[in-house]
Structure formats: structure tokens, C-alpha cells
């Protein structure tokens, strides 16, 4: 089973996450002895992901061009890349959505959407990049994850070999939009990226507005991960798009209080006293509400006293990619099961 640290890193890219993901949802899972969730207390209806559809035909971009990634590193591309290595689940999904998926020659082991991704060779695990395999593919662009998602030494080595590497890490929803546009520029699919961002922003604004009509903002703890062995608890970092997602869903997000750390002490969580606890579940992490309420010390929280612990599909919430609006819908319905949401746009 994936380790606690593996899930955390997934969330930080996101998590998306998530995070988590996490995850196959952002790429991984925390260790847990709890049985898989069999019955969610709140099971949002739009959790099923839509089938991937072809993006608008790419319009030739002006190359050569120089890009600045999320770490501030400038990368020069002489021409539109034809052989791309994508080693984060979110970037892989984005490139397919933009119509550049047929140019991806390899991915990481956590990239799982759309279905075509599963046929790609893997050149990276959570904590390692097989640099020799990447070099052998002779890519003209590598997309990596920031905040430690992709090992820094691998990025340095690839750049020393004159392979262009763009590093992404979105700390906000707007950052997700900017990363989509950055990948659009890098792959020569700028118009498709602009259209995708416009659609995502419109949908998410409408969903958030619907959540805002409830008139109240419950204190919500979104569980990114939990380690049964150590009792370590993982919540959204203060400066993370995951925390912003909870806020957009009409709640008062409980965070770690640290801009980039996802670990929160139990004492701090008890002091925050969540009124609702949401467990973000995915194929790697699926504790039940009942198992959470049995954790030592957790009975002091209002949500546990009231048995207001709910499960929600994590993948679209914590993966910073095209399905983020689906994630927001899932999140809103997990918090507000009776809210009326606007129709989802056609795929």
C-alpha cells in the first residue's frame, strides 16, 4: 500500500492531493487499516468523470518562445514539442484535454486519465524519475511537478543534459488556470487552453455562487490523509488550491495554518472544532466515517459528536486539472446535499 509520504506529495501537486492525491487523485494514499468505504454519508451525484473528448484543433503558436514556469525558471522552446514526457497526473490530463495527448511519449505511474494514458510507458514513480529512460526517449519537453513532487535532482540532471523541463505547482485555483495556459503555450495549443480555462472558470463561478446562497459557512475539515500507525493528520495547507476549493464550496476551510505544510496537530484540529468532516476518498485511501469517529481524541469535535462525517470522491477535487469543476460540484453537494446547482456544461 502506498506510504503516507507518497500520498502527501500527491496532494501537494494536486493535490491533487491532493491532491490527494494524490492519487491517482493526485497520486497516492496514506496508510490506513480501515476497510474501504462502502457507504458514503454524502455521495455527490456528479462524481463520475465525463469521457475525454477531443479539444479544438491546435493553432500554430509563435516559436521559438521562452516560458517561465511556477518556480520562476525560464525554458526556451525552439519549436512546438513533438515528444513530451509528462510526469504528473494533472499535466498528463491537461495535455490530453488540449489535444496534445498524442505527443506524450511517457508518463508517471500515477497518471490514469483519460483511458489512453494507461498504454504509455512509465518513467517516474512518486519518489524517483528514471532519467536514463527519459533521455532515451529524446523528448523535446518534460513536464514536472513542483514542491518536491518531482525530485529536484532529477530535474537538475535533465536540464544539465539540455532537455527542456517546465515545473508546475498551482497554489490556487487561478494558478491551475495559469498552468493550463502555460501548457497551452508550451504545446502550441493556446486557443484550446484559453477556451478550457474560460469554460472551467464560468462553471466554477456558477457553482460557487449557488453554494453561497445557503447563507451560512460551516467549519469544514477536508481530510487529505491520515496515518493509522502514527496518528499523523493531513489537512489542506493554508495557501493551497485545495483549501480554496473548500472555501468556494461555501464553507470555512480548516487548514494547517502553514502556507505549504499539509500536516496538522490533533490539538490544533480540535481547537478549530470542525462542524463537518469530509473524507476525501480514492482508490488508495478510503477510510469510512465510522472508522474516523473511532479515532482516539476525535470525539471532542462537534462533527464527531453530531456524527457529521461524510465521504466525497477526492480525485477531481485535489487534481489541479480540467475536471476541477466536477470536483467543486462534488464538494458542494457533500457539504450542501440539498443545494440546487446549475447544469454542468456539455463535455
Worksheet item: In whole Å, how far is the Cα centre of region 215-249 from that of region 139-168?
Response: 29 Å
Worksheet item: Once you sort the root eigenvalues of the Cα gyration tensor of region 303-347 as a ≥ b ≥ c, which label holds: rounded (a/c under 1.5), prolate (a/b larger than b/c) or oblate (the other case)?
Response: oblate
Worksheet item: Using mean Cβ contacts within 10 Å as the protection proxy, how do 276-283, 262-269 order, highest first?
Response: 276-283, 262-269
Discussion item. If I take every Cα pair under 8 Å that is 6 or more residues apart in region 65-196, average their sequence separation and divide by the length, what percent do I get for the relative contact order?
Written reply: 28 percent
Discussion item. At R0 = 30 Å, how high is the FRET efficiency between residue 214 and residue 115 if r is their beta carbon distance? Nearest 0.05 is fine.
Written reply: 0.25
Worksheet item: What does the highest-first list of 319-331, 170-182, 94-106 look like by mean Cβ count within 10 Å?
Response: 319-331, 94-106, 170-182
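Coordinate-derived values only; no laboratory data. This structure is a prediction, so every number in the text was calculated from the model and none was measured. As a convention, Cβ positions derive from the backbone with ideal geometry for all residues, glycine included, and neighbour counts pool all protein chains shown.
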